[in-house]
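Encoded as structure tokens, the structure appears first; notes follow it.
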Amino acid sequence: MSSSLSPEGVDLSVQLAGMRLANPVMTASGTSGYGPEYAPFIDVSSLGAFVTKAVTAQERKGNPQPRTVETAAGMLNAIGLANVGLERFVTEKIPFLATLGIPVIANVAGHDPDEFAMVSARLDEIPCISGVELNVSCPNVSGGLDYSTNATQLEALVTTVRPRVRRAALIVKLSPNVTDIAEMARAAVRGGAEALSMINTLSGMAINVDTFRPLLANVTGGLSGPAIKPVAIRMVHKVYSEVARDAGVPIIGMGGIQNWRDVVEFHLAGASAVAVGTNLFVDPTTPNTICTGLRQFLADKGIPRLTDLIGQLRT
Amino acid sequence: MTVTVGDSPSPPRMLVGCVIANQALCREHFRLTLRTEAIENALPGQFVHLGPPSADAGDDVSRKGTSFAPIPLLRRAFSIAGMRLVEGDRCDIDVIYRVVGTATTWMASLRPDDAASMLVPLGNAFPVSKGKKYAWLVGGGVGLPPLLWLSEALNRSSRSVTAIIGARNRDLLALTFDESVEIPVDGYSASRVSAEFAANDTPVILSSDDGSVGFRGHAAAALETYYSRAGVAAGDLVVYTCGPELLMRAVARFCLDRSIECHVCMERAMACGTGTCQSCVVAVHEAGSPDGWRYELCCTQGPVFEAGRIVWPDSGGGVQH
Ligand SMILES: Cc1cc2nc3c(=O)[nH]c(=O)nc-3n(C[C@H](O)[C@H](O)[C@H](O)COP(=O)(O)OP(=O)(O)OC[C@H]3O[C@@H](n4cnc5c(N)ncnc54)[C@H](O)[C@@H]3O)c2cc1C
Ligand SMILES: Cc1cc2nc3c(=O)[nH]c(=O)nc-3n(C[C@H](O)[C@H](O)[C@H](O)COP(=O)(O)O)c2cc1C
Ligand code: FES
């Protein structure tokens, strides 16, 4: 296809729940640390947005190792939300993030709605934090329920956090380990989510056939990487067409993204922005090569704005 | 005082390496030499995170190449076994690897002019203590590679260096034997039988679990025998060890019991290699913390740890390894 549009003339910017992203490619939580780790390899400020590792009220050591193992076209992880905790995050990690000049989204996890709300409220006060992403895929130890798989619990959680996040965008990250992800999306939107990110990892397990033992010390883990991309695309498509489009709530798509073709798929399925996770381990420069590829693709297609692609799936 | 050899390492970069050679050293072990842009400073103990060359933007089939070997998704960590400046502005990096799974099978399929992607140099380095007259390198299995490069660096710093290298049997010793040298079996006589160590002026004591070469027993037992006969004061000695964790634990215990300075090069399952994923934790003692221990990352705070800092698995205290 020929067009007079040059790659440089393509507009990759997106507006996302009040945040302006120069391009749609962000990092996925837990795969890029707190920012400085990838600075030797990529200009972190060239990202559309930076998403942090989960932050919890207290420091968490996480699970015993082995915590990760490669599986066919993907990997399992059971990190166990290891993180420095809220106070050290604020004093040690924010200074670098504040220099980036791009939207920074803090991923938040907790045991109960009050912990989610307390951590979110504290992060909402920090000027460089543009978004708070609730990682609801952790078991609710008190009630024995998981916020990510029970719509009533999820709505209650988001409703509790909602009034405490006044300035930053409130994003809810959906788990794929549910019967009907659209129902969970509806619950999150009813609770006040301004954007949905999806998908988190798929529950999985792998066994060492020599020792008869699980390969992860935690026995089970979360599957990520190219293996889960078709699942993610289908879920974004479902949530976009059944919930998000009509509600006007943007989707941040992720799951197995390796290159610009994958990103185009996510946009066509209905994602407004995307995140790269596992592939950062393979190639920390992936977000940059994706942007280059996207510009060329859109120029070749004669599409001047990336936003013209969102939800354009033809069925 | 503890200082490292040379300066501090250069920041890591992602580089494409061109295969110069990929040579079998013994059953299951190969040496892969990759040529790349010059790296200003890398130090023994540091590692390279190696994987297939990245796909270009959108070219999602290029990763698959034409090879029939399954291609790993994630990179794998390999200690730098040697590094040389060549052609003025290039450098050759050696890794020695044992074929154990997907990635190492892919590596064994590499031919000259094939490409591999590297994040390098990563991790910390073996500290070189000034004032120690003797340095002993105790290794087993795939723990050999970093010790080879360390012997080169230590040889330059002119101290007495001895290597104590063990394997399950002779076929698994990734060393080139000088056939004219008789291999002592007593566990305390070092010889120049290994061409690699001899090139660094480092005599070596070999051991094997089955007695098929050198001393019968594992390398920690050889260390004990050698120490009992060497007449070296504990305070004059530093021990560096790399190999299976059980071996390193035995070496660490031996040294700690005698107040011998000891540094261990740890191995952990890694995904990122750069400190982002929290995969590669090593439990270390931390006085003053509520539990008395915490995790450090093998990829950025290691792989080299002082032996006394590590919470070894049988030391109790409710540590989760
Ligand atoms: C800092 C660091 C430095 C390292 N340096 C070296 C080095 O110099 N040379 C080297 O060969 N390896 C080295 N390793 C280990 C190397 O990273 C692994 O052997 C490699 O990841 C194996 O990848 P694979 O895909 O081939 O095997 P996988 O498919 O990941 O593993 C296959 C199976 O083999 C088992 N396995 C893994 N490693 C070993 C082993 N060493 N012996 C026996 N079984 C094993 C696994 O538990 C698994 O069951 C190092 C690791 C670290 C963390
Ligand atoms: C090692 C690792 C750690 C992760 N940690 C978090 C986390 O702390 N919070 C979270 O919401 N998601 C976490 N995730 C999930 C990712 O953000 C992402 O949703 C998922 O991996 C799918 O994307 P990918 O296939 O591109 O990796 C983690 C994933 C991996 C692989
Ligand atoms: S391998 Fe990812 S933090 Fe060490």
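The values are calculated or read from the model by the stated rules, or taken from the named source; none is laboratory data. Computed from a predicted structure; not experimentally measured. Cβ coordinates were reconstructed from backbone atoms using ideal geometry, including for glycine residues, and neighbour counts include every protein chain displayed.
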Scanning for something touching a Pro at 6+ places or on another chain (Cβ under 9 Å), within 12 Å of chain B (Cβ to nearest Cβ) and more than 30 Å from A:Glu155 (Cβ to Cβ), does region A:74-96 turn up at least one residue?
yes
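Here is a yes/no grid of residues against (1) in contact (Cβ under 8 Å) with a residue 12 or more places away in the chain; (2) more than 11 Å from every other protein chain (Cβ to nearest Cβ); (3) of a type in the set (Phe, Trp, Tyr):
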position	(1), (2), (3)
A:Gly255	yes, yes, no
A:Phe266	yes, yes, yes
A:Ser272	yes, yes, no
A:Ala275	yes, yes, no
A:Cys291	yes, no, no
A:Arg295	yes, no, no
A:Ala299	yes, yes, no
A:Pro304	yes, yes, no
For region A:63-70, check the following and say yes or no: at least one residue is away from ligand 1 (no atom under 16 Å from the Cβ) and crowded, with 17+ Cβ neighbours inside 10 Å.
yes
Please specify each residue of region A:185-217 satisfying the condition of being within 13 Å of chain B (Cβ to nearest Cβ) and either within 23 Å of A:Glu133 (Cβ to Cβ) or hydroxyl-bearing (Ser, Thr, Tyr) (or both).
A:Thr201
All positions within region A:114-129 that are part of a helix (DSSP H, G or I) and surrounded by fewer than 18 Cβ atoms within 10 Å (Cβ to Cβ):
A:Asp114, A:Glu115, A:Met118, A:Ala121
Which of the residues that make up region A:286-315 are at pLDDT 95 or above and more than 23 Å from A:Ser6 (Cα to Cα)?
A:Gly311, A:Leu313, A:Arg314
Looking only at residues that are of a type in the set (Gly, Ala, Ser) and more than 15 Å from A:Ala28 (Cβ to Cβ) in region A:216-226, which one is nearest to ligand 2 (Cβ to nearest atom)?
A:Gly221
For A:Phe281, work out the one condition from (1) buried (at least 23 other Cβ atoms within 10 Å of the Cβ); (2) within 13 Å of chain B (Cβ to nearest Cβ); (3) away from ligand 1 (no atom under 16 Å from the Cβ) it doesn't fulfil.
(3)
How many of the residues making up region B:259-270 are in a loop (DSSP other than H, G, I, E, B), among the hydrophobic types (A, V, I, L, M, F, W, C) and within 11 Å of ligand 1 (Cβ to nearest atom)?
3
Residues in region B:276-296 that are within 16 Å of ligand 2 (Cβ to nearest atom) and assigned to a strand (DSSP E or B): how many?
2
Give all pairs with beta carbons closer than 6 Å in which a residue from region A:3-17 that is buried (at least 18 other Cβ atoms within 10 Å of the Cβ) meets a residue that is charged (D, E, K, R); count only pairs at least 6 apart in sequence or on separate chains.
A:Val10/A:Arg295; A:Ala17/A:Glu194
When (1) surrounded by 14 or more Cβ atoms within 10 Å (Cβ to Cβ); (2) away from ligand 2 (no atom under 16 Å from the Cβ); (3) modelled with pLDDT under 90 are applied to B:Thr33, the one that fails is (3)
Can you tell which of B:Val128, B:Val138 is at pLDDT below 95, among the aliphatic types (A, V, I, L, M) and more than 24 Å from B:Arg13 (Cα to Cα)?
B:Val128
Over region A:186-203, the set of residues without any contact (Cβ under 8 Å) to a residue 60 or more places away in the chain, within 14 Å of A:Tyr147 (Cα to Cα) and surrounded by 22 or more Cβ atoms within 10 Å (Cβ to Cβ) is A:Ala187, A:Ala188
Spot the failing condition for B:Cys265; the list is (1) within 16 Å of ligand 3 (Cβ to nearest atom); (2) within 14 Å of chain A (Cβ to nearest Cβ), and only one is missed.
(2)
Is one or more of the residues making up region B:211-224 in a helix (DSSP H, G or I) and farther than 25 Å from B:Ser79 by Cα?
yes
Determine whether A:Thr71 is among the hydroxyl-bearing types (Ser, Thr, Tyr), under 19 Å from A:Gly277 (Cα atoms) and within 16 Å of ligand 3 (Cβ to nearest atom).
no
Starting from region B:36-50, keep only residues that are over 18 Å from B:Ala153 (Cα atoms), then list their pairs with residues that are assigned to a loop (DSSP other than H, G, I, E, B) and polar (S, T, N, Q) whose Cβ atoms are within a distance under 7 Å, requiring at least 6 positions of separation or different chains.
none
Take the residues of region A:130-144 that are surrounded by 11 or more Cβ atoms within 10 Å (Cβ to Cβ) and of a type in the set (A, V, I, L, M): which is modelled with the lowest pLDDT?
A:Val136
Those residues of region B:138-171 which are surrounded by 21 or more Cβ atoms within 10 Å (Cβ to Cβ) and farther than 15 Å from B:Pro203 by Cα, in sequence order:
B:Gly140, B:Val142, B:Gly143, B:Pro145, B:Pro146, B:Ala167
Looking only at region A:40-53, filter to residues that are among the small types (Gly, Ala, Ser) and surrounded by fewer than 24 Cβ atoms within 10 Å (Cβ to Cβ); which one of those is nearest to A:Pro24 (Cα to Cα)?
A:Ser46
Only one of B:Val128, B:Val120, B:Val142 that is of a type in the set (A, V, I, L, M, F, W, C), more than 14 Å from chain A (Cβ to nearest Cβ), away from ligand 2 (no atom under 16 Å from the Cβ) and not in a helix (DSSP H, G or I):
B:Val128
Could you list all residues from region B:56-81 that are away from ligand 3 (no atom under 16 Å from the Cβ) and either at pLDDT 95 or above or of a type in the set (D, E, K, R) (or both)?
B:Asp56, B:Asp59, B:Asp60, B:Arg63, B:Lys64, B:Ile80, B:Ala81
Meets criteria (within 12 Å of chain B (Cβ to nearest Cβ), within 21 Å of the chain's Cα centre (by Cα), away from ligand 1 (no atom under 16 Å from the Cβ) and over 28 Å from B:Thr102 (Cα atoms)) for A:Lys53:
yes
